[in-house]
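Undergrad: Sharing a structure, written as structure tokens. Questions coming.
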Amino acid sequence: MTEHFDPLETRSPEEREGTLMVALPTQVAYAKANAPFYARLLADVDPATINSRTALADLPITRKSALLKTQQAAPPLGGLLAVPLSQVSHVYMSPGPIFEVDTTAAGHQGAARAMHAAGFRAGDIVYNTFSYHLTPAGMMMDASARVLGCVVVPGGVGNTELQLDAIEAIRPSGYVGTPSFLKILLDRAVEQGRNVSSLHRALVGAEALPAILREGFRARGMSVLQCYGTADLGIIAYESEALEGMIVDEGIILEIVRPGTGDPVGEGEVGEIVVTTFNRAYPLLRFATGDLSTILPGQSSCGRTNARIRGWMGRADQRTKVRGMFVDPAQVAAIKKHHPELGRVRLVVDWVDQADVMIVKAETAQQSPELARAVESTVQALCKVRGTVEFVAPGDLPNDGKIIDDVRPIDT
């Protein structure tokens with residue numbers, strides 16, 4: 001069994017940094033010449049001078065939180081696409097809506113690295129429960145598994161009974177999807193006496209993986225590692241069997257910056273994750289994810305030499321992820337617009353019984369079961385995530401500007 005995906009993972013940090021900095025000016029020049037958004041943003045920048053992290057830090061930030069308005073102003077991709085749309089293999093739509101693109105299987109190297117680190121190998125049967133509908137995770141993991149030579153069962157989300165039928169019959173060795181849905185499948189299998197014992201490894205993402213949940217999987221005989229990424233960038237970092245933080249992918253430049261600025265912070269300081277890619281179709285430069293993390297000192301004992309981050313440590317803004325889907329303050333405003341009888345509205349996201357729970361707290365003087373059901377239906381339609389509604393009297397919610405209150409512990 002090959003321990004590492006390729007020799008890039010074990011090259012010296014100096015060699016890696018030198019290679020990235022040599023390639024950086026060319027990528028900046030390409031983005032400026034081919035993507036209208038960067039032609040405007042970098043109008044006064046000489047790409048040849050962007051050949052170090054210090055120089056990179058002088059470039060303006062491109063914020064994920066601003067993509068909605070950017071794409072609305074210049075649909076469908078806001079001028080960030082650097083090739084004709086006819087050269088794109090897939091166009092995805094995440095909540096917002098925000099659109100992303102997929103070009104070739106080469107763009108799935110990061111996810112293939114993550115799957116390899118989690119123990120997936122050629123010939124393995126992989127049960128993929130990420131959604132194949134509009135959002136990119138399902139197709140991304142599907143293509144990545146096939147890069148490794150794995151067989152893929154495209155399970156998608158929901159239909160728990162049918163999923164268990166398929167697992168019993170096909171006997172996959174690995175699972176890819178959210179940790180919460182893995183728990184649902186395993187719990188239902190126990191309740192119904194179903195045989196899912198073939199599953200012994202998993203790569204999970206799109207949600208936090210609390211320590212208590214990982215231990216629960218381990219007690220059932222499953223090794224579960226996690227990866228971190230975004231729909232726009234793909235996989236940014238992933239765990240190895242060493243479980244010493246998340247290793248940064250080989251194909252990106254990662255910075256940690258002070259939230260609200262583009263200023264890099266020192267090692268060990270918590271800040272916002274900012275990524276520069278070398279994707280020629282969608283060349284994101286200094287793309288601010290809105291997620292918080294920190295660089296860990298030293299290298300992983302697994303032999304991979306790239307930098308490591310602690311993992312997801314919260315949001316730099318109020319945008320948050322619930323059961324694998326981002327929920328944005330703009331969506332909360334849309335809920336209120338659909339129901340003018342509501343006053344202040346706040347989403348509270350919590351972790352209950354080892355699962356994400358979203359509660360919509362809304363001020364109204366017209367409390368009724370019918371209104372609650374209507375609001376819950378609107379929440380499902382706009383956020384793509386179910387939430388329960390709790391009405392409170394007008395004036396009961398704090399007037400503190402908080403729209404989304406994520407009270408989940410970072411590590412449970």
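Quick note: the coordinates plus some simple rules give every number you see, no bench work behind them. In this text the structure is predicted, and so the values were computed from the model without any measurement. Methodologically, a virtual Cβ is constructed for each residue, glycine included, from the backbone with ideal geometry; neighbour enumeration extends over all protein chains shown.
Undergrad: Cα centroid distance between the stretch 335-359 and the stretch 36-81, in Å?
TA: 34
Undergrad: Relative contact order of the stretch 1-137: what whole-number percent is it, with Cα pairs under 8 angstrom and at least 6 residues apart? Intermediate results must be reported in sequence, preceding the final value.
TA: On the way: 105 pairs, mean separation 28.5, N = 137.
So the answer I get is 21 percent.
Undergrad: May I ask you to evaluate 6.51 cos²θ - 1.76 cosθ + 1.60, the Karplus curve with θ = phi - 60°, for each residue of the stretch 53-67 and list the ³J(HN,Hα) values in order in whole Hz, giving x for glycine and proline?
TA: 5, 5, 5, 4, 5, 7, 6, x, 7, 10, 9, 4, 5, 9, 4
Undergrad: Also, I was wondering about something else. Summing Lys, Arg as +1 and Asp, Glu as -1, what charge do residues with Cβ under 12 Å from the Cβ of LEU41 carry, LEU41 excluded? All intermediate terms of the calculation are to be shown ahead of the outcome.
TA: Working: positive: LYS32, ARG40, ARG63, ARG286; negative: ASP44.
Neighbourhood net charge equals +3.
Undergrad: State the answer as a single residue: which of VAL257, VAL327, SER131 lies farthest towards the positive end of the charge dipole of the chain, with beta carbon charges of +1 for Lys and Arg and -1 for Asp and Glu, about the Cα centre.
TA: SER131
Undergrad: Lysines near LYS32 by alpha-carbon distance under 27 Å, same-chain residues fewer than 8 away left out - which ones?
TA: Cα-Cα hits under 27 Å: LYS64, LYS69.
Undergrad: When the chain is fully extended, how far beyond the present Cα-Cα distance does THR54 get from GLU161, taking 0.36 nm per residue of separation? Display every interim value, and only then the final one.
TA: Details: separation 107, 0.36 × 107 = 38.52 nm, distance 5.35 nm.
So the chain would gain 33.2 nm between THR54 and GLU161.
Undergrad: Each residue of the stretch 253-260 in turn: what ³J(HN,Hα) in whole Hz from Karplus with 6.51, -1.76, 1.60 and θ = phi - 60°, glycine and Pro shown as x?
TA: Coupling constants for the stretch 253-260: 10, 10, 10, 10, 10, 5, x, x Hz.
Undergrad: What shape does the stretch 108-173 take by its C-alpha gyration tensor, where a ≥ b ≥ c are the square roots of the eigenvalues and a/c under 1.5 counts as rounded, a/b above b/c as prolate, and the rest as oblate?
TA: Note, shape of the stretch 108-173 comes out oblate.
Undergrad: Oh, and also: Local charge sum around TYR92 (other residues, Cβ-Cβ under 15 Å, Lys/Arg +1, Asp/Glu -1)? Show your work: numbers first, answer last.
TA: Details: positive: LYS64, LYS384; negative: GLU100, ASP102, ASP142, ASP232.
With Lys, Arg at +1 and Asp, Glu at -1, the neighbours total -2.
Undergrad: Same structure, new question: Using a ≥ b ≥ c from the Cα gyration tensor of the stretch 195-351 (square roots of the eigenvalues), is it rounded, prolate or oblate, where a/c under 1.5 gives rounded and otherwise the larger of a/b and b/c decides, a/b for prolate?
TA: Details: a/c = 1.97, a/b = 1.20, b/c = 1.65.
Note, shape of the stretch 195-351 comes out oblate.
Undergrad: Using a 10 Å cut-off on Cβ atoms, rank the peptides 382-389, 230-237 from the highest mean neighbour count down.
TA: Numbers: 382-389: 19.0, 230-237: 24.4.
Top of the packing list down: 230-237, 382-389.
Undergrad: Would you grab the residues whose amide H sits under 5 Å from the one on ALA82? Only those 5+ places off in sequence or on another chain, please, with H modelled 1.01 Å from N.
TA: Counting only residues 5 or more places away or on other chains, the set is TYR282.
Undergrad: Tally the DSSP beta bridges in the chain and give the antiparallel ones as a percent, rounded to 5. Can you show the working numbers first?
TA: Numbers: 37 of 62 bridges.
So the antiparallel bridges amount to about 60 percent of the total.
Undergrad: Once you have a ≥ b ≥ c as the square roots of the Cα gyration tensor eigenvalues for the stretch 7-317, tell me rounded if a/c is under 1.5, and otherwise prolate or oblate according to whether a/b is larger than b/c.
TA: Details: a/c = 1.99, a/b = 1.56, b/c = 1.28.
Judged from the Cα gyration tensor, the stretch 7-317 comes out prolate (a/c at least 1.5, a/b above b/c).
Undergrad: At 0.36 nm per residue, and after removing the present C-alpha to C-alpha distance, how many nm does the segment from MET93 to THR388 gain when stretched out fully?
TA: Details: separation 295, 0.36 × 295 = 106.20 nm, distance 2.49 nm.
Length gained, MET93 through THR388: 103.7 nm.
Undergrad: Take MET93, MET325, MET140 and order them by how many other Cβ atoms sit within 10 Å, fewest up front. Please report the intermediate quantities before stating the final value.
TA: Values: MET93 15, MET325 19, MET140 26.
Least to most surrounded, the residues fall as MET93, MET325, MET140.
Undergrad: Moving to a separate point now. Considering only the other residues whose Cβ falls under 12 Å of the Cβ of THR289, what net charge follows from Lys and Arg at +1 and Asp and Glu at -1?
TA: Combined, the nearby Lys, Arg, Asp and Glu give +1.
Undergrad: Considering the chain as a Gaussian network with a 10 Å cut-off on Cα pairs, which listed residue, PRO76, PRO264, PRO84, attains the greatest mean-square fluctuation?
TA: PRO84
Undergrad: Provide the gained length on full extension for the span ALA33 to GLN380, in nm with one decimal, where the gain is 0.36 nm per separating residue minus the Cα-Cα distance. If you can, show how the numbers build up before the last one.
TA: Values: separation 347, 0.36 × 347 = 124.92 nm, distance 4.11 nm.
Gain on extension, ALA33 to GLN380, equals 120.8 nm.
Undergrad: May I pose another question? What is the calculated FRET efficiency for ASP263 to GLU370, with r their C-beta to C-beta distance and R₀ = 45 Å, to the nearest 0.05? Walk me through the numbers before you get to the answer.
TA: On the way: r = 51 Å, r/R0 = 1.13.
Approximately 0.35, to the nearest 0.05.
Undergrad: Can you figure out the FRET efficiency of ALA23 with ALA211, using R₀ = 35 Å and their beta-carbon distance, to the nearest 0.05?
TA: Working: r = 38 Å, r/R0 = 1.07.
Efficiency for this residue pair is about 0.40.
Undergrad: Right, here's the next one. Report the residue, chosen from ALA365, ALA118, ALA23, that carries the largest GNM mean-square fluctuation when the chain is represented by alpha-carbon nodes joined by springs under 10 Å.
TA: The residue with the greatest mean-square fluctuation here is ALA365.
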